[in-house]
Amino acid sequence: MRDVQSDTGADGSRAYLWLFRWGPWLVIVVGCVLAIYGLAAAGEIELRIATVTLGTFMILAGVALPRIMGEIALDARGFKANVQGIDQLDPSALAAAVTEAAEKAIPDSYPQKDEWVRELAAKTVQTWGGPEALAGRWWAQLAANGDEPEKLDLVELQVRGEDLVADIRRRAPQVQSERRWKFIGKVRGSFLFGMFFTTTPDINALSYGTIQLRREDAAATVWSGFYVRLEIKAGGEAWSSALEPVGLRWQRLEPGREHLSQN
């Protein structure tokens, strides 16, 4: 039963893909035939004018049809940027639409197809939305380190030109909830990097360092990597310092959701 359903679905996909590719051309060809016939054929002038008008209309419709079909396909998946503006871009829906279309259009025999499709979706999101697609609220998961437990921060990220600027506040553990930081950074392709520093020096004066993250998914909703801060310790009469990378993961906080996804 599974094979039959798969074959049926594949036939439907191929038929839709054929219609999407060649349907507009078919409309244009028919329009050209009607327009030429209306100009060249003998007969009543009203009929010839009507034929030329219909042919011209079909040519214009054939030219516009791919864009209309594309917008309908994207809107059906929740992509509303063409109506709402770039500030309302839904990167997850855009990546899903691009991924689905690419998987259908590219033969399975294409070398490293899956990797190529993922990269295409990621580049589409970055090209369309640029850094603006990263604006919003994020959860930052900080791995346990030595005697320090795992921590959770809320990141409110804004985009100012090419710069990423964020206010960070500790959410867990609760005893550190008054700690705040500022982050300033950039995104380059699959990498996000920058520096952070405390804005509550009376509580954590030496809390500053750098963040380096790499995109995990095509929709750019999960970034993982590490942060590095300078650890200064007093030992007898001497001071020692070390740079210790600590695991870090950013996950987009969807509107209306206040809990971290476990996926």
| One residue from Arg137, Arg171 being under 19 Å from the mean Cα position of the chain (by Cα), open to solvent by 80 Å² or more (accessible area, probe 1.4 Å) and modelled with pLDDT of 80 or more | Arg137
| said: Condition first: surrounded by 15 or more Cβ atoms within 10 Å (Cβ to Cβ) and of a type in the set (Gly, Ala, Ser). Now tell me which residues in the stretch 193-223 satisfy that. | reply: Gly194, Ser207, Gly209, Ala218, Ala219, Ala220
| Looking only at the stretch 140-168, and only at residues there that are closer than 22 Å to Leu243 by Cβ, modelled with pLDDT under 90 and touching a strand residue (DSSP E or B) at 6+ places or on another chain (Cβ under 9 Å), the one that is least open to solvent (accessible area, probe 1.4 Å) | Asn145
| query | Quick one: how many residues across the stretch 174-189 are modelled with pLDDT under 95 and in contact with an Asp or Glu (Cβ under 9 Å, 6 or more places away or on another chain)? | reply | 2
| Selected residue (only one of Leu89, Leu120, Leu94 is touching a Phe, Trp or Tyr at 6+ places or on another chain (Cβ under 9 Å), open to solvent by less than 80 Å² (accessible area, probe 1.4 Å) and at pLDDT 65 or above) | Leu94
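The values are calculated or read from the model by the stated rules, or taken from the named source; none is laboratory data. Here the structure is a predicted model, which means the values were calculated and not measured. So basically every Cβ, Gly included, is an ideal-geometry build from the backbone, and we count neighbours across all protein chains shown. Accessible surface areas use protein heavy atoms only, side chains included; no ligands, DNA or RNA. Shrake-Rupley method; radii C 1.70, N 1.55, O 1.52, S 1.80 Å.
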